[in-house]
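To start, the structure itself, in structure tokens.
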Amino acid sequence: MKRSFVFGNGRTRLNIDFDEVKPYGSIYACNAVYRDYRPDYLVAVDTKMVEEINQAGYQKNNSVWTNYNIKYKNFEKFNYFEPNLGWSSGPTALNLATSHGPNEVYIFGFDYSGLNGKLNNVYANTFNYKNSKDPATYNGNWLKQTDTIIKNNPNINYFRVNVENFYETNWKYPNYKSVLFKDFKDLIKDWEKIR
């Protein structure tokens with residue numbers, strides 16, 4: 001069983017530590033995650049975030065994926081998506097994980113909703129991020145992009161790991177399921193470690 005774990009930066013992802021899933025598959029994460037953790041694949045499509053990663057030199061020893069931009073012509077060791085879908089970082093990371101052919105993909109921190117109408121991001125109030133008191137980010141593009149990936153890949157099972165009573169999608173695909181964090185943590189106890 002080949003599993004992938006895709007992390008967005010919605011605050012619900014704080015319910016699990018990256019190292020809890022690392023033994024079971026590849027980790028894909030977005031943007032400022034590199035400040036705290038080294039995923040197997042880091043995806044960043046915002047120009048300011050890519051410039052920050054380049055300045056830190058993170059991509060020199062780690063796999064970083066982005067869309068090409070003329071501003072990056074002197075940047076070294078970035079991987080560029082072909083074609084550039086023009087999508088947000090989270091769905092782009094999900095698409096990269098999907099392209100690697102897993103049987104199952106577990107999605108964390110794709111919250112699709114603000115917190116009381118305010119920004120919902122682990123990195124709020126830090127460099128290159130909005131303030132936590134700013135209005136919630138529009139979620140329509142994230143939903144549509146994620147929906148497209150799940151719908152177009154019926155042979156891969158997708159599990160969105162979430163907390164109770166938080167934003168739920170209306171997706172009715174046979175290859176999509178919502179799972180609570182507590183149930184996910186019970187599930188992984190029976191999995192075979194691959195690393």
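The values are calculated or read from the model by the stated rules, or taken from the named source; none is laboratory data. This structure is a prediction, so every number in the text was calculated from the model and none was measured. Methodologically, a virtual Cβ is constructed for each residue, glycine included, from the backbone with ideal geometry; neighbour enumeration extends over all protein chains shown.
Quick notes on this structure:
- Unmet requirement for LYS60, which otherwise passes all of (1) exposed (fewer than 14 other Cβ atoms within 10 Å of the Cβ); (2) closer than 28 Å to ASN155 by Cα: (2)
- Considering segment 92-137, the residues that are modelled with pLDDT of 90 or more, among the aliphatic types (A, V, I, L, M) and outside any loop (DSSP other than H, G, I, E, B) include one that is nearest to ASN31 (Cα to Cα), namely ALA93.
- Exactly one residue among THR126, THR137, THR169 is in contact with a helix residue (DSSP H, G or I) (Cβ under 8 Å, 6 or more places away or on another chain) and free of Cβ contacts under 8 Å to residues at least 60 places away in the same chain, and that residue is THR169.
- Any hit, segment 12-25, residues being touching a Ser or Thr at 6+ places or on another chain (Cβ under 7 Å) and surrounded by 18 or more Cβ atoms within 10 Å (Cβ to Cβ): yes
- Taking (1) in contact with a Ser or Thr (Cβ under 9 Å, 6 or more places away or on another chain); (2) farther than 30 Å from ILE188 by Cα in turn, TYR68 satisfies each apart from (1).
- Residue check, PRO83 modelled with pLDDT of 95 or more, within 16 Å of ILE149 (Cβ to Cβ), over 13 Å from the mean Cα position of the chain (by Cα) and not in a helix (DSSP H, G or I): no
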